Structure formats: C-alpha cells, structure tokens
1. Can you report the number of residues in the range 198-222 which are open to solvent by 10 Å² or more (accessible area, probe 1.4 Å) and β-branched (Val, Ile, Thr)?
2. Being under 18 Å from Thr314 (Cβ atoms) and loosely packed, with under 14 Cβ neighbours inside 10 Å is true for just one of Asn262, Asn254. Which residue is that?
3. Take the range 157-176 and flag every residue that is touching a Pro at 6+ places or on another chain (Cβ under 9 Å) and either assigned to a loop (DSSP other than H, G, I, E, B) or open to solvent by 50 Å² or more (accessible area, probe 1.4 Å) (or both).
4. Specify which of the listed residues (Asp188, Asp195) is of a type in the set (D, E, K, R), open to solvent by less than 30 Å² (accessible area, probe 1.4 Å), at pLDDT below 95 and out of contact with any Cys (no Cβ under 6 Å at 6 or more places or on another chain).
5. Return the residues of the range 99-121 that are within 14 Å of Gly171 (Cα to Cα), aliphatic (A, V, I, L, M) and open to solvent by less than 30 Å² (accessible area, probe 1.4 Å); say none if nothing qualifies.
6. It is to be established whether one or more residues within the range 75-90 are among the hydroxyl-bearing types (Ser, Thr, Tyr), more than 17 Å from Tyr357 (Cα to Cα) and either in a loop (DSSP other than H, G, I, E, B) or at pLDDT below 95 (or both).
7. Between residues in the range 25-40 that are closer than 12 Å to Thr328 by Cα and residues that are of a type in the set (Asp, Glu) and in a strand (DSSP E or B), which pairs lie under 6 Å by C-beta distance while being six or more apart or on different chains?
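The values are calculated or read from the model by the stated rules, or taken from the named source; none is laboratory data. Here the structure is a predicted model, which is why all the values come from computation and not from measurement. Note: ideal-geometry Cβ built from the backbone for every residue, glycine included; neighbour counts use all protein chains shown. Each accessible area value is taken on the protein alone, full model and side chains, heavy atoms only, with ligands, DNA and RNA left out. Shrake-Rupley method; radii C 1.70, N 1.55, O 1.52, S 1.80 Å.
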Amino acid sequence: MDAVAQKGIEPNTIRRRGVGLRGHDAARAFPGFTRFAPDGKPDRKTVYLIDMQGTVAHTWEMPFAVGLTAFLTDRGTLVYNGFVPNPRRAGMTFVGGVVMEVDWKGRVLWEVKHPDHHHDGIQLRNGNVLLICGKPLPEEIASRIRGGRPGTEGDNGTIYGDYLVEMTVSGAPVWEWRCWEHLDPVADGITAVQDERDAWPMANGVSEMPDGNILLSFRANSTVVMIERRTGAVYWKLGPPPLSGQHAPCLLPNGHLLLFDNGPHRLDHSFPYSRVLEIDPATKEIVWKYQDNPVWNFYSPRISNAQRLPNGNTLINEGSFGRFFEVTPEGDVVWEYVNPHFVGPTRAQHNRVARAYRYSAEQIARAQAAT
C-alpha cells in the first residue's frame, strides 16, 4: 500500500467521490425500484433491486455470471443474459453465451445457450428468444471493411460479423438475419480510425418494436437501423453524426427513439462526451436531449442506457462509472445513486453496470405475487 492509501485516502476515484444514494428529490422523482447487475465476469452473479433510498429490496442469485443485460417482464419474471466462458473469444468483455428466464425466487424457467451470443438477448412477444450473435466473416467481406486501426483484427486476421438468430425456448432456430447481407463494408465501415477491427459492426442492443419489426444498434459504425422482419430489409438508418458509439435504443410510446449516445469519437465535435437523445424517426431530428454543462462532465465511453419513466422523467445509467440518475424534462437531477459493488484488482477496481431500469411498486408487487 502506498503512502497516500496508508493515510486513509481512498485510492479509487469513484469510491472517493462517494457511492450509494447521492440525492433524492422525492417530490419530483418517479417512485419505484431500480434494477441493476454489476459487471464482474466471471464471478459476479447477483442482480440487485433497490428502493428510492438505495436500500436493497431484493436480489436474484443467478447460475451464470452477469452478461450485459437483464429485463423484468410484465409477467414479473427476469430475462437475463449470462456469461459462459468461451475460449474462441477469450478476452472479449462483451461475450454472453446464455439467455434465461427466472422467477422472483431465481428458479430457472428456461435457458437457451448459444456459443456465438454476445451483448444482448430478448424474449419476443411470440415467446421466442432473439439473440445478437457473431461469427468470423468471409475473408472477401472482411478485407473490404473500411476504417479502424490496421493490425487490430483477431487471430489470423479474423473479423467477427454480427447476425441475429431467433430461437424457441427449447433451443430450435427459426429465423436468422446476417449483417453482411444488408450492410456495406465500405459505406457502413468502422467510424473511428482508432477503433479495433476485430468485430464489425458490433451490434450492442436489440429490441422488438410494436409492429414486430426489429430495432438494432451498431457501435462500431455508430448506426441504428430498423429491420423489416418479413424481408430482412433495412428500411431506416441513422448514423454519424449525430450518433457516436451509441447503446440501448428503444422506441417510446410516442413513436420516438430514445438512446444513450456515448460519444467516444464524435464527427461533429472536437472531444468526447455523452448525452441522451430522443429522436423523431420521421424527420431524424433531435427533439429532446440531456447533456451536462460543461458537456465533458458526463461521459461513459461504453455500455450505458436510458429509460423514459411514466412521469416524463428519464432514468440514465452512466454505465462505465456505475452511476444512475433521474432527470426531469428540463434536465434537473432529482435522484442519483452510485453502484457500491466493485470488482477487480485493488488499484484497478471498477463498478460498471451495463443497464439499469426503474419499476413501479405495482410492477414489483405483481412480480412477487406471480411466484
């Protein structure tokens, strides 16, 4: 231990600034419970549910370490993306391997494993599971991908390409969509010259829209697309600028798009910063945004998400630093909590959280009653 640590000064910057509940304006915050799962592969297996005071109200102990995403369903169950060690993709922090559904007590209702699964997996309204997967691209496609840092491909020049696979909960594949059949490796290449070339276009979030079509986010080319389920055609696309390495897009009840725009390599600004955007798909205009002032005070280069709450506020997860905070439409912070669960070597510990979501007391009561 160095001299500073011996004197009692916390060496970890995030811990030193304070963890747990940091503030709560009860009159303006949306009351409920916040679910999150600290990233800690391969050992962390706990999903937490905290109340507005930051007190742990419930936990789920999972059979697999945290992948990147988990969702509480309308049925009161938890759909969870887990991590299964994969020697083919060792060292890639975004890999998954399993998606499962558990009840309030953590009992597994079904599980689907897939060696290519990474980042995200959801349960569709038809009961099937939709997984983001990746496998080595054909050399003739990989060699044409524009952008990125030369020499950062995988072993033997491998670049992993994304595909979606829909499976039954018993594990039978029923539908597949491949990015290299619908995106151009030149026009839709890697946005940042400093990014690695080991994966393209790096899908990091998928959701089902009300009409059954698919909303899909790609980090490496800073692009969000809408996919027609029947034909597989990409019929809507938004890229850089304004987007930069975004995560977790979702469609709001008003038809607008909400996403966390990470901003690690902006094409319309000279330095990185994060913001949350609400976008009208019809015009592709930004109709609402949250960013800090000065803008560089708020920045998460990877993971993260945002959720529009029933009272019009927005819950934001600054994932790289495990910070969740709720803002009003005017941008006032009315609740803030910092994940106190750290993992890693003593002087390099982190408290990352891929996604966080708020649920009402009524939703939690239904989940408990359904068990």
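1. Number of matching residues: 0.
2. Within the list Asn262, Asn254, the selection yields Asn254.
3. Listed by number, the residues that qualify are Thr158, Ile159.
4. Asp195 is the lone residue from the list that is of a type in the set (D, E, K, R), open to solvent by less than 30 Å² (accessible area, probe 1.4 Å), at pLDDT below 95 and out of contact with any Cys (no Cβ under 6 Å at 6 or more places or on another chain).
5. Selection gives Val99, Met100, Val112.
6. No; the residues of the range 75-90 include none that is among the hydroxyl-bearing types (Ser, Thr, Tyr), more than 17 Å from Tyr357 (Cα to Cα) and either in a loop (DSSP other than H, G, I, E, B) or at pLDDT below 95 (or both).
7. Between residues of the range 25-40 that are closer than 12 Å to Thr328 by Cα and residues that are of a type in the set (Asp, Glu) and in a strand (DSSP E or B), the close pairs are Ala29/Glu326.
Okay, residues lined up against (1) under 24 Å from Met209 (Cα atoms); (2) touching a residue at least 60 places away in the same chain (Cβ under 8 Å):
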residue: His117; (1), (2): yes, no
residue: Arg125; (1), (2): yes, yes
residue: Ser170; (1), (2): yes, yes
residue: Cys179; (1), (2): yes, no
residue: Pro185; (1), (2): no, no
